[in-house]
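Structure first, commentary second.
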Amino acid sequence: MLPFLVVFFIAFYMLPLIVAMNRKHTNTTAIAVLNVLLGWTLLGWVGALVWAFSSQPAAEEAATDGQAALAPEKAVPKNLGAASSDLKDCPFCAEPIRVAAIKCKHCGSDLTAVAQPA
């Protein structure tokens, strides 16, 4: 009975690290250090657990979008609803915009003043 309780206590103590590893958290090492060094305090353990469950929108998007992982500054969001051939780079901020755009949604520049290529 005692070995079971020891294993259970260790697994429960390391729960924030286990959660971070299962969620492939970008800060798994930092969560592990916090958990090991300050987990004995209730505040340190709860803090590590909350951090392990915290959302990571940038990391999740990069993991699901191979293009964003390769070149995040030139990545085209998937929710544009347009094919990549319908996009061009803004001459002012170099962000991808639609070919038919008259104003850049990123920098707000007026694109009608720039000569449109024929």
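Data for the structure
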read-out	value
Every pair of residues 6+ apart whose Cβ atoms lie under 7 Å, when the first sits in the stretch 1-14 and is under 25 Å from Val50 (Cα atoms) while the second is part of a helix (DSSP H, G or I)	Met14/Asn35
Qualifying positions in the stretch 90-118 - open to solvent by 50 Å² or more (accessible area, probe 1.4 Å) and modelled with pLDDT of 85 or more	Pro91, Phe92, Glu95, Arg98, Val99, Ala100, Ile102, Lys103, Lys105, His106, Cys107, Asp110
Set Leu34, Leu2, Leu43, Leu17: member being modelled with pLDDT under 90 and of a type in the set (A, V, I, L, M)	Leu2
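The values are calculated or read from the model by the stated rules, or taken from the named source; none is laboratory data. Being a predicted model, the structure only gives us computed values, none of them experimental. For neighbour counting, all protein chains shown are included, and Cβ atoms are generated from backbone atoms with ideal geometry for every residue, glycine included. Note: areas computed on protein heavy atoms with side chains; ligands, DNA, RNA excluded. Shrake-Rupley method; radii C 1.70, N 1.55, O 1.52, S 1.80 Å.
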